[in-house]
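One structure is given here, and the rest of the page talks about it.
The values are calculated or read from the model by the stated rules, or taken from the named source; none is laboratory data. Since the structure is predicted, the reported quantities are computational estimates derived from the model, not experimental observations. Methodologically, a virtual Cβ is constructed for each residue, glycine included, from the backbone with ideal geometry; neighbour enumeration extends over all protein chains shown. The area values use the complete protein model at the heavy-atom level, side chains included, leaving out ligands, DNA and RNA. Shrake-Rupley method; radii C 1.70, N 1.55, O 1.52, S 1.80 Å.
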Amino acid sequence: MSMAEVNLIAQELSVLPTDDQSLARLARAGDAAAMEALVRRWQVPLVRFLQRRVGSHSDAEDLFQDTFVRVYENLHRYDGRSFKTWLFTIAWRLAANHLRDRRQPAGAEALEAVHDSRLRPAESAQHRDEHEGLWAIARRELSPEHVQMLWLCYVEGFSAREIARVMGKSWVAVKTALHRARRALTPHLSSAGFGPAGTPLPRKDGTP
């Protein structure tokens, strides 16, 4: 990246709001810089999510672009609620259409191919191994749908209501599925050294 590009980004960030909802409202009003800021902000987490969903990085990149095309075309419908939930709902539906067109399920290795970029460098060696091991157990013991719910909950930080909107399910169904998935995983995680029996999976902020 050239110094001119760095300066341009710095100038944009200095005058643009920092929250997604305000950026979306500006983008809806025709502010190209606000739209670009949203694209930059969500590129890494959304591509990661889509890659886990469809099992291919190149397909995930294409779907990321398709998602933001759909976002741009539908900004007039955005009602000011959680932009993240709205964005992931669009991405989820596009990925579902992609998989349906492809006539095969997401790749079995997709979960293990995903790395949580939020880990600090000092944590990366041991914690990445633990992270991958935990999700390998989840993939082995749970249905793909339950793994996706757990990922949205513990990695993306979605609430049960947000997961319900993204996946097109009822809030009660999601809460029930998450509870059953955690109970099903507990003995396997305990035996693998992830914590004592009965300890729930930690959220990304460390809370149960």
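Report the extension gain between residue 161 and residue 44 in nm, rounded to one decimal, defined as 0.36 nm multiplied by the number of residues separating them, less their alpha carbon distance.
On the way: separation 117, 0.36 × 117 = 42.12 nm, distance 2.34 nm.
Between residue 161 and residue 44, full extension yields an extra 39.8 nm.
Rounded to a whole number, what % of the accessible area of region 31-99 do carbon and sulfur atoms account for, probe 1.4 Å?
Solvent-exposed carbon and sulfur of region 31-99 make up 48 percent of the total.
Alpha carbon centre of region 64-84 versus region 137-162: separation in Å?
23
What number, in percent, do you get for the relative contact order of region 139-194 if the mean sequence gap of Cα pairs under 8 Å and at least 6 apart is divided by its residue count?
Taking the mean separation of contacting Cα pairs over the length of region 139-194, I get 33 percent.
Mind checking the full-extension length gain between residue 143 and residue 93? Use 0.36 nm per residue of separation minus the Cα-Cα distance, one decimal, nm.
My answer for the length gained is 16.1 nm.
How far is it, in nm, from the label point at residue 18 to the one at residue 62 when both lie 7 Å from their Cα along the line to the Cβ?
Reported label-point gap for residue 18 and residue 62 is 3.8 nm.
Could the peptides 181-188, 28-35, 47-54, 73-80 be put in order, highest first, of the mean number of other beta-carbon atoms found within 10 Å of their residues?
Output ranking for 181-188, 28-35, 47-54, 73-80: 47-54, 181-188, 28-35, 73-80.
With a 10 Å radius around each residue's Cβ, average the other Cβ atoms per peptide and rank 170-177, 84-91, highest first.
Numbers: 170-177: 15.4, 84-91: 21.2.
Packing order, densest peptide first, comes out as 84-91, 170-177.
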